[in-house]
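Just below is one structure, and these are the notes that go with it.
The values are calculated or read from the model by the stated rules, or taken from the named source; none is laboratory data. A quick note: this is a predicted structure, and the numbers were derived from the prediction, not measured. We place every Cβ from the backbone using ideal geometry, glycine too, and count neighbours over all the protein chains shown.
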Amino acid sequence: MLRLSGKPVFGGIARGRLFYFQPDENEVTKRLIKDTALELERYGYAKDKALAELDELYTTALEKIGENEAGIFLIHKMLIEDEAFASQIHRRIADDHFSADYAVAQTARDLAHAFSKNSSEYIKSRSADLKDVCDRLIRHIQNKAEKRIELKEKVILCADDLMPSETMQIDLSNVLAIVTCYGSSNSHTAILARTMNIPAIIGIGAEKLSMLRDMEAIVNGYDGDLLIDPDEETIRTINRIEEEEAKKRELLKRFKGRRNITLDGTEIQVYANIAGLNDLNYALENDCGGIGLYRSEFLYLGRSNMPEEDEQFFNYRQVLERIGGKRVVIRTMDAGADKNIKYFGLAKEENPALGVRSIRLCLMRPEMFKTQLRALLRASVYGNLALMLPLITDVNEIRQAKKLIEEAKEQLRARNLPYREDVPVGIMIETPAAVILSDELAKESDFFSIGTNDLEQYVLAFDRQNLMLESYFEGRSHKALLKFIGMTCDNAHKNGIPVSICGELGADLTLTEDFLRLGVDALSVTPSQILPLRQHIRTLRLEERRQLAGARAGI
Ligand code: PEP
Ligand code: MG
């Protein structure tokens, strides 16, 4: 038996076959060739193959997803057939004697640069299409087959790392467990696994997994162990763990329908974090008090074009209707950093976590933002909706966003579409700037929700994607963070607005008492963490709310 240990991200046991996923990366090296005619022929052949493939993709997409979505493949065809594009490649092969794949790669690079400088949002968003088209051409020049991740049976999905966009392309109903070599427990793929109840382990170690294709294994998501070819003794232990965990889950069910109330009578709202409609089932199963964070950007991920206003409207409306009048906080699109959306065509950045992401991106692309705002406002008449703006750093961002909300309302009025005038607008506290300015920001906000995943990374200068730093900080007190949270609560309450925590730390039972004593009014967590949190809250006594937490945080 072989045991590989990593960091547990979501508990659960899974037994099955390992499936190793390796994303396609074209390797192109600079090569000079003598026979330019032959090279032009290779390019011509690749072009024909790519066009035929796109025709096929268009026909299939037309049947499966409709004309709008399928149109992307026609755009890809137009790019390949574009005169200027083709002649640049020709020139590089015929005059510069570059190999065909290198000529395509260089032409794509120049064009992508030109696209990123263009003032039109439409042109900018075509960079990702350009990359797709060139990858397709290069693949045919190099005579490589296209790799698609189609899971035909249930497997344990293994990868060096997984990006949220990759995770979204996979049929997760066929994923028994996720195991990665790298990654961090605050990464969005880990968060997604947790939200979807998929046992997951990260940080199993560099390049070990790639050697373990197609083997039978057990994932122990409680301890973070991947067990390959397990012996009898290990199987017995795993069975025992599974039985004990099932008993615990059964006992937790007793807490359904109960209030999250401390021994001395303080009621704390516990909401669910979701990333899409599927997760709503888990949220409801676990008796959530509502949705405290709907990560709406996942609607934009794992696809090749922007979701239209109507598609978004139906999605948000379903969440509101299915939750039956309980509060639903939908966070406006929070893309960028690890949630990279290819078709946005964002320029490559040195530090994407400090770059064009989140509210910044939305304010830079007001038309795109207003499409989402219109969809949200239209959905507002179907339930108890609140909007939440991420990564706020100053009051002007809130004012600009509110101005766009007003413009979106104006557009809906012109179309005679109903919306609720009084939809609350809150903000996420995720930056040190937002904490320092929280008194001022509270005057412009209906509520605060603390995103500890980002706040922690910006306060402690600690990249949330970096597993090594995660181990470095593990077990240390979150003293600085607690001070920031205390200050946020004080300023929120001074201005009469509530505060919740919706980052992963909100489910850390060792910190619940501190959070509540500091004045946090609500917690929003992964669905499976709702009942354990409820059980824990019901054992707490907060009479001396503040003093103890203040002392621990050094306030
Ligand atoms: C956070 O930063 O804590 C948060 C909830 O947002 P996300 O994890 O999606 O960045
Ligand atoms: Mg965040």
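Could you tell me whether residue 317 is more than 15 Å from ligand 2 (Cβ to nearest atom), under 13 Å from residue 375 (Cα atoms) and more than 14 Å from the chain's Cα centre (by Cα)?
So residue 317 passes the test.
Take the residues in region 20-53 that are in contact (Cβ under 8 Å) with a residue 60 or more places away in the chain and acidic (Asp, Glu), then tell me which one is surrounded by the fewest Cβ atoms within 10 Å (Cβ to Cβ).
24
Against the definition (free of Cβ contacts under 8 Å to residues at least 60 places away in the same chain, buried (at least 20 other Cβ atoms within 10 Å of the Cβ) and within 13 Å of ligand 1 (Cβ to nearest atom)), how does residue 462 come out, yes or no?
Answer is no for this residue.
Within the bounds of region 304-322, is there any residue that is modelled with pLDDT of 90 or more, within 16 Å of ligand 1 (Cβ to nearest atom) and not hydroxyl-bearing (Ser, Thr, Tyr)?
no
Looking at 445, 471, can you tell me which residue is away from ligand 1 (no atom under 14 Å from the Cβ), within 28 Å of residue 336 (Cβ to Cβ) and outside any helix (DSSP H, G or I)?
Values: 471 fails: outside any helix (DSSP H, G or I).
Sole residue among the options that is away from ligand 1 (no atom under 14 Å from the Cβ), within 28 Å of residue 336 (Cβ to Cβ) and outside any helix (DSSP H, G or I): 445.
Considering region 497-546 alone, what residues qualify as being part of a helix (DSSP H, G or I) and of a type in the set (A, V, I, L, M)? Step through it out loud before you land on a result.
So the first thing to find is which residues in region 497-546 are part of a helix (DSSP H, G or I), and the list is 504-507, 509-518, 527-537.
Hits for region 497-546 are 505, 507, 509, 511, 516, 518, 530, 531, 533, 537.
Residue pairs, Cβ under 6 Å, 6 or more apart or interchain, first in region 388-405 and more than 13 Å from residue 445 (Cβ to Cβ) and assigned by TED's automatic domain parsing to the domain that holds residue 426, second surrounded by fewer than 23 Cβ atoms within 10 Å (Cβ to Cβ) and of a type in the set (S, T, N, Q). List them.
The qualifying pairs are 393/431.
So if I check each of 240, 259, 236, 254, which one is basic (Lys, Arg) and assigned to a loop (DSSP other than H, G, I, E, B)?
259
Give 412, 377, 417, 385 a once-over and let me know the one that is more than 16 Å from ligand 2 (Cβ to nearest atom) and in a strand (DSSP E or B).
The conditions single out 385.
Which residue, of 402, 370, is part of a helix (DSSP H, G or I), farther than 23 Å from residue 189 by Cβ and in contact with a strand residue (DSSP E or B) (Cβ under 8 Å, 6 or more places away or on another chain)?
It is 402.
I'm checking my understanding of the structure. Among residues of region 282-315 that are of a type in the set (S, T, N, Q) and in contact with a strand residue (DSSP E or B) (Cβ under 8 Å, 6 or more places away or on another chain), which one is surrounded by the fewest Cβ atoms within 10 Å (Cβ to Cβ)?
This residue is 286.
Sort through 500, 445, 449, 438 and tell me the only one that's among the hydroxyl-bearing types (Ser, Thr, Tyr) and under 30 Å from residue 248 (Cα atoms).
Among 500, 445, 449, 438, only 500 is among the hydroxyl-bearing types (Ser, Thr, Tyr) and under 30 Å from residue 248 (Cα atoms).
Here's a check for you: in region 421-459, which residue that is touching a strand residue (DSSP E or B) at 6+ places or on another chain (Cβ under 8 Å) and of a type in the set (Phe, Trp, Tyr) is farthest from ligand 2 (Cβ to nearest atom)?
Among them, the one singled out is 447.
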